[in-house]
Amino acid sequence: MSNDRSHSSLLVLPSTQDWMQGVLSAKVVLVMYGDYQCSRSADVYKLIRVIKRELSASFGEDYLCFIFRHFPQTQIRPHAQRAAQAAEAAAAQGQFWLMNDTLFAHQQRLENGYLVEYANDLGLDIPQFLKELSKQVHVDRINQDIEGGIHSGVTTAPALFINGNRYTGHWNTTELMAAMIAASH
């Protein structure tokens, strides 16, 4: 069985098919594999949002491209897969990032009723949202993210790659930001 450090590079390269904030030509491309029900994923996501603001203020909007990929750990987190499907269903209506923020902010409440409530709060077409969840139309997209992560050595969320290289440092603002700045040179 491979451990998290068996691969140090991202094998599925960032593309316009990914959920991204920023441009692929940015000096730093940060890919996060995350799980909406994982508290560490939520903490790292919050860190990245702070770092993104700081780097944008210091170096400009196009300095950092942030990509989120799904890595629900369904064997230990029963609502993670459904939450990922909700994010994709919201994405189909142009609201991926707002749903992403909502799911991480309310990760203790990811049961179906809450997912519908969040969709409603975002002004989504609820019949469409429910139809997509019930037919599981976005499962293939989520599975592609998972398979890509596994090929790159990801076994647990969160996992980060900076400019294609696995980040193995400490999960704090200072070290993560320093790693991103170093990777840009």
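The values are calculated or read from the model by the stated rules, or taken from the named source; none is laboratory data. Since the structure is predicted, the reported quantities are computational estimates derived from the model, not experimental observations. Cβ atoms come from the backbone with ideal geometry, glycine included; neighbour counts cover every protein chain shown. Just so you know, the surface numbers come from the protein's heavy atoms only, side chains and all, with ligands and any DNA or RNA stripped out. Shrake-Rupley method; radii C 1.70, N 1.55, O 1.52, S 1.80 Å.
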Report task. Tally the residues that are under 19 Å from THR155 (Cβ atoms) and either open to solvent by 50 Å² or more (accessible area, probe 1.4 Å) or part of a helix (DSSP H, G or I) (or both), restricting the search to the range 55-76. Result -> 3
Report task. Scan the range 145-165 for residues that are over 23 Å from ALA42 (Cβ atoms) and open to solvent by 30 Å² or more (accessible area, probe 1.4 Å) and jot them down. Result -> GLU147, HIS151, ASN163, ASN165
**Report entry** the range 77-115: number of residues that are among the basic types (Lys, Arg) and buried (at least 18 other Cβ atoms within 10 Å of the Cβ)
**Finding:** 2
Query raised in the report: What are the residues in the range 121-140 that are within 22 Å of GLN17 (Cβ to Cβ), of a type outside the set (A, V, I, L, M, F, W, C), in contact (Cβ under 8 Å) with a residue 24 or more places away in the chain and surrounded by fewer than 16 Cβ atoms within 10 Å (Cβ to Cβ), if any?
Result: GLN128, GLN136
**Report entry** Residue in the range 41-54 that is among the hydrophobic types (A, V, I, L, M, F, W, C), open to solvent by 60 Å² or more (accessible area, probe 1.4 Å) and over 18 Å from VAL137 (Cβ atoms) present
**Finding:** no
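Using the structure shown, decide if TYR118 is farther than 27 Å from SER184 by Cα, open to solvent by less than 80 Å² (accessible area, probe 1.4 Å) and among the aromatic types (Phe, Trp, Tyr). Spell out how you get there, then give the answer.
Working: farther than 27 Å from SER184 by Cα: yes; open to solvent by less than 80 Å² (accessible area, probe 1.4 Å): yes; among the aromatic types (Phe, Trp, Tyr): yes.
Judged against the criteria, TYR118 is a match.
With respect to GLN17, determine if the residue is surrounded by fewer than 18 Cβ atoms within 10 Å (Cβ to Cβ) and either closer than 22 Å to HIS185 by Cα or modelled with pLDDT of 95 or more (or both).
When the stated conditions are applied, GLN17 does not pass them.
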**Report entry** Looking only at the range 166-183, and only at residues there that are under 16 Å from ILE67 (Cβ atoms) and not hydrophobic (A, V, I, L, M, F, W, C), the one that is surrounded by the fewest Cβ atoms within 10 Å (Cβ to Cβ)
**Finding:** ARG166
